[in-house]
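Asker: This structure is in structure tokens; I'll ask about it shortly.
Derivation of every value follows stated rules applied to the coordinates shown; laboratory data play no part. Quantities reported herein were computed from a predicted structural model and do not represent experimental measurements. All Cβ positions, even for glycine, are placed from backbone atoms using ideal geometry, and neighbour counts span all protein chains on display.
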Amino acid sequence: MQTNFTQAQLADPEIAVANEILRRCVHCGMCTATCPTFVTLGDELDSPRGRIYLIKDMLENGRDAGVEEALHIDRCLSCLSCMTTCPSGVDYMHLVDHARAHVEKTFNRPLADRLMRAALAWVLPHPARLRAALRLARPVRGLGFLLPGSGMLTKRLRGMLRLAPRGLARAAVVGRVYPAMGARRARVALLAGCAQQVLAPSINAASVALLNRLRVEVVIPPEAGCCGALVHHMGRDAAAREAARANVAAWVAELDGAGLDAVLVNTSGCGTVVKDYGFLLRHEAGAADAARISALTQDISEFLLKIYQPARVAPGLRVAYHAACSLQHGQQVTAPPKTLLRKAGFEVMEPKDAHLCCGSAGTYNIMQPEISAGLRRRKLETLRELRPDVIAAGNVGCLTQLAGDGVPAVHVVELLDWMAGGEKPLALS
Amino acid sequence: MTPRDEEELAAMVRAAAGPLRVQGGGTKADMLRPVRAAAVLSTAAMSGITLYSPSELVLRARAGTRLAEIESVLAAHGQQIIAEPPRFFGPAQTIGGVVASNISGPRRIGGGAMRDHVLGVRAVNGSGEILNFGGRVLKNVTGLDLAKLLTGSFGTLAVMTEVTLKVLPAAEAVGTVVVPAADARAAVEVMAAGLGSPFSVSGAAYLPRDARAYLRIEDFAESVAYRCAKLAGGVAGAEILGGEESKALWAGIRDCAALPPGEAVWRVSVRPSAGPGVLRDVAFAGVSGFMDWGGGLLWLSGPATRAAHEAVCAAARGGAGVWWLMRGPEALRAAVEVIPPEAPALAALRRRMTAKFDPRGIFNPLKMWAA
Amino acid sequence: MRAMKQLDPKPEILARRGEIIAGLLRILPKRAVIAEAVSLKPYETDALTAYRQVPLAVVLPEDEGQVVDILKFCAAEGVRVIPRGAGTSLSGGALPLADSVVVGLMRMNRILEVNYPDRYAVVQPGVTNIGITRAVADAGYFYAPDPSSQLACMVGGNVGMNSGGAHCLKYGVTANNLLGLRLVTMAGEVLELGGTHCDAAGYDWLGLVTGSEGQLGILTEVTVRILRAPEGARAMLAGFASNEVAGECVAAIIASGIIPVALEFMDRPAIHACEAFAHAGYPLEAQALLIIEVEGSEDEQDATLRRLREICERFAPVSMRVARTDEESAAIWKGRKGAFGAVGRISPDYLCMDGVIPTSRLGEVLRRIEEMSEDYGLKVANIFHAGDGNLHPLIMYDANEPSSFARAERFGAEILTLCVEAGGCLTGEHGVGVEKRELMRVQFSPGELEQMRAVKDVFDPHWLLNPAKVFPL
């Protein structure tokens, strides 16, 4: 596609990258079809192609973001379904990341919006803060209907309350190194994450237990924390890079110390970003280290594929595998989780329109409650058609989003650990 | 008037003082409404295949070329007209007439109608201008598809002088699965199962006289054997007919051999599941017939009376379908709706359309509609 | 950049912009009207980005009633109307005019009825092409026309352009797979054309409207035939040493009496671009590639493939491979169907031609295109439906280089003129749109164009519907 940047504009390396991306796009429109918001809202402006065009126009004119640009860019889930579909290989992810940062920088959001976003950015990436917030929210979890009005703020608060778990486990035991059971075959760092630690500590517990059982030593450096994805998707570029730098430093210390065979991520939303640290920090001093970490990073299912062995007789459960967008589109990891579940003895099924997002998408279910609820409904309908005993996914956001519909939703590793001799997932008992 | 070429025909049109009965071999004069015209303009003398390229699946012929001549040339190259037009109208039938009436045989259900394979048309409009629409290639969406508009317009818009058709190789073999069917409803079920099978059924008909439904397969010999066996498998009383018997059977269905001579004849097209209802609803008026196209096409015959005709119209309407009065005495054809009347908005469009092609209203006036 | 002349906007309409938008807001919900300059910008073009024009407004109706209201309002106000589906037209079919209201049908995306015993489905125009097949696939059915953009393109646009696809050699194009339409005329009248039965009594309005590129009305409902899928299908790849040899092989296949369900051709640049996207195992060493698909049971497929291999062997193929699994077949088709976009990997911009030629002229026409490519200094990738002679030369250019587009445009016009001279036509399935409008004179005489204009007059006497398309100005 033709672009109209001046030489002066192109001297800005960020604009130069955006220009390269835009030039790849031939405006064929294939991406519109697999975009959840276009399918739901039926407006070019809520399609990847429409957003690309809005962004192009905004950047070419050096314009601050206005209400319209913010609205349509905010509505993007960053599910990256469009990138799977795109025949031209347009790097939509980095373009929309750029645009989000531009919106954050140049658009003056309404006060309520700003407060909500600041609050989320302050709480979610920090387990202790989130735990405290949820403790406050738990008693009123079911009282969302009492919130007055039908405005966006009310809908968002209701959405937040719905996400609060019924019970709250104690903080996961923090340790530094979890040794392999038996002769060590590999040593990995595991991203402990942020919100997941609080919302579903069983995922990390199962991950560590399973890896140890498979003779893999796991290290969780306490200096590593949130991956930065949550703030990254809010356009808070500086905060995202700060998180990335901390993690890179922590893992590189391990890598250059006792050594690492991989950095594993069991929340695919985080994995997409960690695999992109090399790009995120490309202009910084630690760029080379960041690139090394990104190259070393795998989704836990990719790593397990080579070593997983079940130890129990399968209970014959029907598992509906929900492909998290960050895994299937962001990381293009599609077969491994299904292969592993089948190897573990489960009957694995996939819903119709598996490429469509469930509406979780980081903080999207809070910030865009209506679209998110619509996508959740749609996803649950297609999952129900499969009559599954359990829903499995590789991303805690999806699990939280899909919970509460009568079918237990658990992480793939929880099922894998169970069949390898670990505990039965709590949600199944 | 029987012009020998297009220029002569155009000149005759320009010179025409009044209405013209436009025809090829004149075999469909008893179909639809009678045309009152001082003169007959026939394309019968404009005959001959002007282009035939078997490897490109294309045949072009002047409008007055007889259907039989085209079919024999095609057969010599192992090819055929896809829509399998009926020979119900006798040997003088021309390709121009077949296209102008868009009448297709059993293969329509799988292979498409005449109108689906008309690639191009040359024609003379009511102002005597020679026009060429479409072309000689298999795909063409250049401009408005006036070739489609002329196909099936019974010479009321323009006089076709040449047509170009897509043709296909004739199948190496043919076979028929014969299934006993107690009544039309049972037959439609059998035919729906066949047409809903993955076996590319190329004909699905029911003859009440035989109490049998017929499913045709045309393909390479090994495929015909395999597919017929699959279709017949597990169906009580099903039999398989070989090639020669099949050819005779389907020629009879195509040419309506089952219809008694002398009576009025109608065609009704409905969605297939509505076919049995049509047969039932016309019976009281002494009208009967058989089903083709999986139940969607009914060839009917009965007394040439207004009452019988009204019964056919009501039955077709009941099935949300359409009818054509294919044969009948002039008085009847002049008095009734030979095809369904259009909704008012469409009728207005059609009148404006006719005027754009034939401003003087000289081509087959009132052939299709009374007004 | 925009060499193509556009129709002048009506100043009195531009002057009354605010009033017209207010009027639209009176008859439509707020969410259905787009009038902000920033938001109108992405609607300025479709998949032919060389032509662009921001419209006066965009409306997104949700039902037929709203379509009727919009057209009645626009007719009364003398406002031009541009229908739009998914915006995937390669001929600029959805290009707006400055004084026009774009009517986007993307929200009318419901499947209204599926009837298996009678083998039809009734859908709204905003349903995607593949959406129909997905809706009936569980029952073993499919909707046959399959344009390359089938994932995204919408049925309304398919009818408007009479879209074909890779499999129309056997199954026909859109016109051959329709039973009925509901069409709203510019006057706001709703016409029911056809129904659920075969063949029209009276004029073939269905056939006339199909491929009429939004000149006659706006569709609100489409009734399509659905077909039972064959037992199985398999694709085979045959690579050849030259375009000519591959072309001769195509003719030999057709002459043998085999009509494969699909018979597709790619030349070397196309092979490389598509392989980079789909990883389908296309032979990178070949100068030309045929993708041939056969259907039926395993045994039937084997038998037909055996016949096809024998024919291909006669033309000294540099490679021959039959897909072993459904995944391999899917990858082969993914490459072919994403071909246009995949060219985006090797060139920032392209113009996609759509001329048709008699298949006997294939080798000669490809040779001429190659010569022109050198003359114009622009690369070209050829991807097309070989069985029916429908060529898709993709002319690669760089829109950021000022003279590049003008050269590409002239190159394209020369290719299409060549197609017509060879006995073919300007467009096989993409439509005339704005792109080939002026070339219509190459294919049609003034009298023929006049007759077409007269038909347009019948439906839209004031020429408010999608003007400045199809007919030369």
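Asker: Going out from 0 in 10 Å bins, what whole percent of all Cα-Cα distances in chain C drops into each bin?
Answerer: Taking every Cα pair in chain C, the percentages come to 4, 20, 30, 26, 15, 4, 1.
Asker: If you don't mind, there's one more thing I want to ask. Assuming R0 = 56 Å, can you tell me the calculated FRET efficiency for the pair B:R351 and A:D389, based on Cβ-Cβ distance, to the nearest 0.05? The partial results should precede the final answer.
Answerer: On the way: r = 66 Å, r/R0 = 1.18.
Calculated value: 0.25.
Asker: Grab the other residues whose beta carbon is less than 9 angstrom from that of B:L366, score K and R as +1, D and E as -1, and report the net. Present the calculation step by step, with values, prior to reporting the outcome.
Answerer: Numbers: positive: B:R33, B:R36, B:K367; negative: none.
Net charge in that neighbourhood comes out at +3.
Asker: For C:145-154, what's the mean count of beta carbons from other chains sitting within 10 Å of each residue's beta carbon?
Answerer: 4
Asker: Find out how many positive minus negative residues lie around B:G252, taking Lys and Arg as positive, Asp and Glu as negative, among other residues whose Cβ is under 15 Å from that of B:G252.
Answerer: Details: positive: B:R87, B:R107, B:R209, B:R212, B:R216, B:K247, B:R254; negative: B:E84, B:D210, B:E244, B:E245, B:D255, B:D292.
Its environment carries a net charge of +1.
Asker: Shape of region C:233-341 from its Cα gyration tensor (a ≥ b ≥ c, root eigenvalues): rounded if a/c is under 1.5, otherwise prolate when a/b > b/c, or oblate? Write out the running numbers ahead of the final one.
Answerer: Details: a/c = 1.87, a/b = 1.16, b/c = 1.61.
Oblate, because a/c is 1.5 or more while a/b does not exceed b/c.
Asker: For chain A, what is the relative contact order in percent, using Cα pairs closer than 8 Å and at least 6 residues apart in sequence?
Answerer: Relative contact order of chain A: 14 percent.
Asker: Is there a simple number for the mean count of other chain Cβ atoms within 10 Å of the Cβ of residues in C:31-44, and what is it?
Answerer: 5
Asker: How long is the gain from A:L428 to A:M152 if the chain were fully straight, where each residue apart is worth 0.36 nm and the alpha carbon distance is subtracted?
Answerer: Details: separation 276, 0.36 × 276 = 99.36 nm, distance 3.50 nm.
Here the segment from A:L428 to A:M152 would lengthen by 95.9 nm.
Asker: Could I have the simple spin-label model distance between C:E450 and A:A119, label points 7 Å from Cα toward Cβ, reported in nm to one decimal?
Answerer: The modelled label-to-label distance comes out at 7.4 nm.
Asker: GNM on chain A, C-alpha springs below 10 Å: top fluctuator among A:M367, A:M419, A:M93?
Answerer: Of A:M367, A:M419, A:M93, the most mobile in the Gaussian network model is A:M93.
Asker: GNM on chain A, C-alpha springs below 10 Å: top fluctuator among A:V103, A:V273, A:V177?
Answerer: Residue with maximal mean-square fluctuation among A:V103, A:V273, A:V177: A:V177.
Asker: Here's a follow-up. Quick check: convex hull of the Cα atoms in region A:169-283, volume per residue, rounded to a whole Å³?
Answerer: Roughly 97 Å³ of hull volume per residue.
Asker: Compute the FRET efficiency between C:R17 and C:V114 as 1/(1 + (r/R0)^6), taking r as their Cβ-Cβ distance and R0 = 30 Å, and round to the nearest 0.05.
Answerer: Plugging the Cβ-Cβ distance into 1/(1 + (r/R0)^6) gives 0.10.
Asker: Using packing as a proxy for protection, rank B:7-16, B:208-217 so that the peptide with the highest average count of other Cβ atoms within 10 Å comes first.
Answerer: Sorting B:7-16, B:208-217 by mean packing, highest first, produces B:208-217, B:7-16.
Asker: A further question on this structure: Please compute, over every Cα-Cα pair in the protein assembly as shown, the percentage with a separation greater than 63 angstrom. Walk me through the intermediate numbers first.
Answerer: Working: 121477 of 809628 pairs.
Here the long-distance tail beyond 63 Å is 15 percent of all Cα pairs in the protein assembly as shown.
Asker: Between rounded, prolate and oblate, where does region B:310-357 land on the alpha carbon gyration tensor, with a ≥ b ≥ c its root eigenvalues, rounded for a/c under 1.5, else prolate if a/b exceeds b/c?
Answerer: Note, shape of region B:310-357 comes out oblate.
Asker: Please work out the FRET efficiency for the pair A:D353 and B:A314, using the Cβ-Cβ distance as r and a Förster radius of 45 Å; give the result to the nearest 0.05. Each step should come with its number before you reach the end.
Answerer: Details: r = 45 Å, r/R0 = 1.01.
Result of the calculation: an efficiency of 0.50.
Asker: Sticking with this one: Modelled label-to-label distance, B:R14 and C:H462, 7 Å Cα→beta-carbon offset: nm?
Answerer: Taking the two extended label points, one gets 3.7 nm.
Asker: Now, a different point. Helix C:268-278 versus the longest principal axis of chain C: what angle, 0 to 90°, nearest 10, using Cα atoms?
Answerer: Helix C:268-278 sits roughly 80 degrees off the main axis of chain C.
Asker: May I pose another question? Amide H of A:T297: which non-local residues (sequence gap of 5 or more, or other chain) have their own amide H closer than 5 Å, using H built in the peptide plane?
Answerer: Answer set, sorted by chain and number: A:V263.
Asker: Where does helix B:221-232 land angle-wise versus the long Cα axis of chain B, in degrees 0 to 90, nearest 10?
Answerer: Compared with the principal axis, the helix lies near 60 degrees.
Asker: Could you size up the charge dipole of the protein assembly as shown around its Cα centre, putting +1 on the beta carbon of Lys and Arg and -1 on that of Asp and Glu, and report it in debye to the nearest 20?
Answerer: 3080 debye
Asker: At 7 Å along the Cα-to-beta-carbon direction for both A:L136 and C:L473, put a label point, then send me their distance in nm to one decimal.
Answerer: Each label point lies 7 Å from its Cα, and together they span 6.4 nm.
Asker: Roughly how far apart, in whole Å, are the Cα centres of region C:1-58 and region A:367-429?
Answerer: Each part's Cα centre sits 45 Å from the other's.
Asker: Now a separate question. Report, ordered by chain and residue number, the lysines lying within cross-link reach of B:K356, taken as a straight Cα distance under 18 Å and ignoring same-chain residues fewer than 8 apart.
Answerer: Qualifying lysines at Cα under 18 Å: B:K148, B:K367, C:K456.
Asker: Work out the charge dipole of region C:11-106 with +1 on the Cβ of Lys and Arg and -1 on the Cβ of Asp and Glu about the Cα centre, then indicate which of C:T49, C:L25, C:S100 is farthest towards its positive end.
Answerer: Selected residue: C:T49.
Asker: Which of A:R49, A:R245, A:R387 moves most in a GNM of chain A, Cα contacts under 10 Å?
Answerer: Looking only at A:R49, A:R245, A:R387, the largest GNM fluctuation is found for A:R387.
Asker: When Lys and Arg each count +1 and Asp and Glu each count -1, what net charge do the other residues less than 14 Å away from C:V343, Cβ to Cβ, add up to? The partial results should precede the final answer.
Answerer: Numbers: positive: A:R23, A:R24, C:R268, C:R336, C:K337, C:R345, C:K379; negative: C:D267, C:E275, C:D349, C:D398.
Once positives and negatives cancel, what remains is +3.
Asker: Can you tell me the relative contact order of chain C? Whole percent, Cα pairs under 8 Å, sequence separation 6 or more. Walk me through the numbers before you get to the answer.
Answerer: Working: 1022 pairs, mean separation 70.9, N = 473.
Answer for chain C is 15 percent.
Asker: By how many degrees, between 0 and 90 and to the nearest 10, does the Cα long axis of helix A:111-123 differ from the longest principal axis of chain A?
Answerer: 30 degrees
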